[in-house]
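Have a look at the structure below, then the notes.
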Amino acid sequence: MNLAEWVHRNGRRIPGGPALASGAQVHATWADFSRTIGSLARSFIERDNLRPGDRVAILMANRPEYLEALFGIWHAGCVAVPVNSRLHRDEVEYIANHSGARLVIVDNDHIGDAEHAAGADKVLQVATSDWLDRCDYDRVAVQDRLASDPAWLFYTSGTTGRPKGATLTNRNLMAMSLSYFADIDSIDENDAVVHAAPISHGSGLYGLPHIARGAVSITPSRSTFDGNELVRTLQHWTGVSFFAAPTMVRRLAQDPVVAKADFSKLKTVIYGGAPMYLNDLEEALKIFGPRFAQIYGQGESPMTITGLSKAEHADIDHPSWHQRMQSVGRPRTDVQVRVVNERGLDVATGDTGEVIVRGDVVMVGYWDQPDATAEALRDGWLHTGDLGSFDEHGYLTLQDRSKDLIISGGMNIYPREIEEILLTHPSVAECSVIGGPDPEWGEVVIAFVVTTGGFDADSEALDALCLDRIARYKRPKQYRFVESLPTSNYGKVLKRELRQQLLDG
Ligand code: AMP
């Protein structure tokens, strides 16, 4: 089916209800949204000569028109290529070329990059008279699409080499949305989703189940989503959910405005995308209450491999609560998840191996990259590159990405374990542990630490803390006190940059 049908159904069911908003301001009702995407689709077909299956890139910051563009593209039967708006123009150019985008839809801030990438004749700017004119065309019928047709090319952050476009079909996005209802939350038209993170990534994907069920999609009125913006949102809207990377959860929990806020209208904070440290989660739970759900997924299996529900977060008297909060939860309803060794055989409960996943949510492959596809998808299983282990109750704990694993003197050391311990020290605000080259041991453990007071913490105290909690061979041989850690646009710590810093001395 064509996912644009969701919008049209709501257009008939709740025509006057708010569909898109910027802050407190309603941008479009469901009737407006439905009309607009049908009109845009006609303009794509008649003016841009687009045909079903053609790719259309979107390069803009979060704003209501983002979703008009996305669903307009789908209504016309085309494939959306949401591009992270903070990428360098050469990266934008690479993605536009690699996906073969025939049109790039942009906001005012990205017009230069889009013209550089695709040429001025292939660029359409939102909120211009041209755009408004297109929003007024007579609507065209929704193009028929198969479940197996691509809908979204999700270019991964590309920790190594060029970004790869995970090809997500209508079936993948449908499975992801249904799984949200099964495992995370039910949603209705009294609810709201705030795009606190980029729509081009996780927030946009998780926005889809909200659109399916008629909740309003809100883009923050300012570019940064902080405590003030959250409080304002909660004053205007009910049943509010948002997706946040763990760094954002921590930042919000520390925001003094948030500490005094009324959270009765906050429904769910979905976090994921990077490790959430237990200390941070406990702090956040104290402030926001049991409104958290965790998800573990990747672009290749959009937002859906395992999950830790709100009920599990709330069950603090459970004897395994601490252990569970350090896990990424249990396999989601619509997937099979296994942990395997190098030969592809299941490892024993408690043992570590690579996490692999199979299900309707798993991508069909990388766009135009047969070798990378063959590497990632083997016998129908997606090889995630994440290392983890199952406990006897089926909870999966992730250690690290396989490439972040440290091998020192032949022993496997998982950085996450050491990071969790260092973070319990009161003078450690943030930290990241990597392996540094060493002639004797192969690699040695090195900790980059941001302190709370802006001064160097006592490395002897940190050493004593580690000695007290973990095997001697795992403790950092070196501490580097830094002002901040390098992070990606999605708030993930970039370990490869830390490794580079080491090499650069
Ligand atoms: P991306 O495809 O850019 O979203 O990155 C996906 C990767 O982020 C996964 O393969 C994991 O390594 C990591 N990740 C995602 N969710 C979690 C989570 N809940 N906890 C820890 N790491 C996560």
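Some observations on this one:
- Top-ranked residue in the range 346-367 [being surrounded by 14 or more Cβ atoms within 10 Å (Cβ to Cβ) and more than 23 Å from the chain's Cα centre (by Cα); ranked as farthest from GLU300 (Cα to Cα)]: VAL347
- Yes/no for LEU230 being in a helix (DSSP H, G or I), in contact with a Leu (Cβ under 7 Å, 6 or more places away or on another chain) and either small (Gly, Ala, Ser) or modelled with pLDDT of 95 or more (or both): yes
- Matching residues in the range 294-309 - criterion: being more than 8 Å from the ligand (Cβ to nearest atom) and surrounded by fewer than 24 Cβ atoms within 10 Å (Cβ to Cβ): SER309
- Looking across the range 348-365, just one residue is in a loop (DSSP other than H, G, I, E, B), free of Cβ contacts under 8 Å to residues at least 40 places away in the same chain and over 15 Å from GLN399 (Cβ atoms), and that is ALA348.
- Within the range 391-402, tally of residues that are more than 15 Å from the ligand (Cβ to nearest atom) and either β-branched (Val, Ile, Thr) or on the phi < 0 side of the Ramachandran plot (or both): 3
- Of all residues in the range 263-275, those being at pLDDT below 95 and either basic (Lys, Arg) or open to solvent by 10 Å² or more (accessible area, probe 1.4 Å) (or both) number 3.
- Selection status of PRO275, part of a loop (DSSP other than H, G, I, E, B) and either away from the ligand (no atom under 16 Å from the Cβ) or farther than 28 Å from TYR366 by Cα (or both): no
- Test: residue in the range 469-478 that is more than 20 Å from SER327 (Cα to Cα), part of a strand (DSSP E or B), away from the ligand (no atom under 16 Å from the Cβ) and under 28 Å from the mean Cα position of the chain (by Cα): no
- Some residue of the range 75-84 being on the phi < 0 side of the Ramachandran plot, open to solvent by 30 Å² or more (accessible area, probe 1.4 Å) and either of a type outside the set (Gly, Ala, Ser) or assigned to a helix (DSSP H, G or I) (or both): no
- Identity of the residue in the range 240-258, assigned to a strand (DSSP E or B) and away from the ligand (no atom under 16 Å from the Cβ), that ends up nearest to PHE292 (Cα to Cα): SER241
- Screening the candidates HIS318, HIS383, HIS322 for the property of being open to solvent by 20 Å² or more (accessible area, probe 1.4 Å), part of a strand (DSSP E or B), in contact with a helix residue (DSSP H, G or I) (Cβ under 9 Å, 6 or more places away or on another chain) and modelled with pLDDT of 95 or more yields one hit, HIS383.
The values are calculated or read from the model by the stated rules, or taken from the named source; none is laboratory data. What you see is a predicted model, and the numbers here were worked out from it, not measured in a lab. Using ideal geometry, Cβ is built from the backbone for each residue, glycine included, and neighbour counts are taken over all protein chains shown. Quick note on the areas: whole protein, heavy atoms, side chains included, nothing else; ligands and nucleic acids left out. Shrake-Rupley method; radii C 1.70, N 1.55, O 1.52, S 1.80 Å.
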